[in-house]
Amino acid sequence: INVGDLEILNSGKLDDLLDESWRGVEFVTRWGAPDWDYTDFRVVARLTINDIVPINKQRLRIRFFDQRKKLDKPVLSQRGGVNNELLPLILGGSNLSPVILTNAATMDYRASLLPLESLVILDSGVATTVTADLAAGTFQLSVPAAGELRANTTAAHKTPLAIAQYLAGLAGINTVTTANFGALQNTMMQLHCLVNSDVTIDAVLTEILQPL
């Protein structure tokens, strides 16, 4: 979230604030009506204080960090497989997503870096029998592939809430809750997200959550 500084009036009663260290302290702003219970107030923003400084004898300024900068970092990626390719990361689910051969001798493949709830492998468009490890996002063929392999999947991270929590967690943000999504929190999303080191957490979050 991007916010400006907050200026507050000070008649002298707040001078003691200047004697304390405020760096890193959370500042929560809430919205509500005067007759609401406090528990019904909605969180508008969670900010982190940088410092509190005097402007003049009557005003203080609270300066905040820009929390969104935490998301301006690459989604961690991994390479692997027999060709040292970028490994797929599936959020939501996928239709006909590519898979990566990790061991030619044992016919092992990876469909996703993250856990899956379901996995169907198509060989030249036809479903084929595999031994799947859904928790690892991998599978093993029982017979050599006749053609191109593709995957239809349902990811373990399949709702807006679960996806946002995972991506925010990569940035060290652990405050994404059901209150941020309301009725949309359990909506099934269909998304195949293949990221590389040039794609930021912010960009992925914006892309997948903006339609909501």
*Filter result for the condition that a residue is among the small types (Gly, Ala, Ser) and closer than 23 Å to residue 84 by Cα, over 155, 127, 135*: 135
*Residues (open to solvent by less than 20 Å² (accessible area, probe 1.4 Å), within 24 Å of residue 169 (Cα to Cα) and of a type outside the set (Gly, Ala, Ser)) located in region 78-110*: 87, 88, 89, 90, 91
_Going by what's in this entry, would residue 52 be described as over 26 Å from residue 169 (Cα atoms) and in contact with a helix residue (DSSP H, G or I) (Cβ under 6 Å, 6 or more places away or on another chain)?_
yes
_Total residues in region 139-159, condition buried (at least 18 other Cβ atoms within 10 Å of the Cβ) and either more than 16 Å from residue 89 (Cα to Cα) or free of Cβ contacts under 8 Å to residues at least 24 places away in the same chain (or both)_ = 2
_Whether any residue in region 73-86 is of a type in the set (D, E, K, R) and within 30 Å of residue 26 (Cα to Cα) is what I want to check._
yes
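Quick one: which strands (runs of 3 or more DSSP E) lie wholly within region 1-73 and hold at least 2 residues that are among the polar types (S, T, N, Q)?
Filter on region 1-73 gives 42-54.
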*Which one is surrounded by the fewest Cβ atoms within 10 Å (Cβ to Cβ), of the residues in region 1-24 that are aliphatic (A, V, I, L, M) and under 23 Å from the mean Cα position of the chain (by Cα)?*
1
*Kindly indicate the residue of region 111-138 that is touching a residue at least 40 places away in the same chain (Cβ under 8 Å) and not aliphatic (A, V, I, L, M) and also surrounded by the most Cβ atoms within 10 Å (Cβ to Cβ) among those meeting that condition.*
112
*Report, by residue number, each residue of region 103-150 that is within 23 Å of the chain's Cα centre (by Cα) and part of a strand (DSSP E or B).*
110, 116, 117, 118, 119, 138
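The values are calculated or read from the model by the stated rules, or taken from the named source; none is laboratory data. Keep in mind the model is a prediction, meaning the values are calculated, not measured. Please note: Cβ atoms are built from the backbone with ideal geometry, for glycine as well, and neighbour counts cover all protein chains shown. Areas reflect the complete protein model, heavy atoms only, side chains present, ligands, DNA and RNA absent. Shrake-Rupley method; radii C 1.70, N 1.55, O 1.52, S 1.80 Å.
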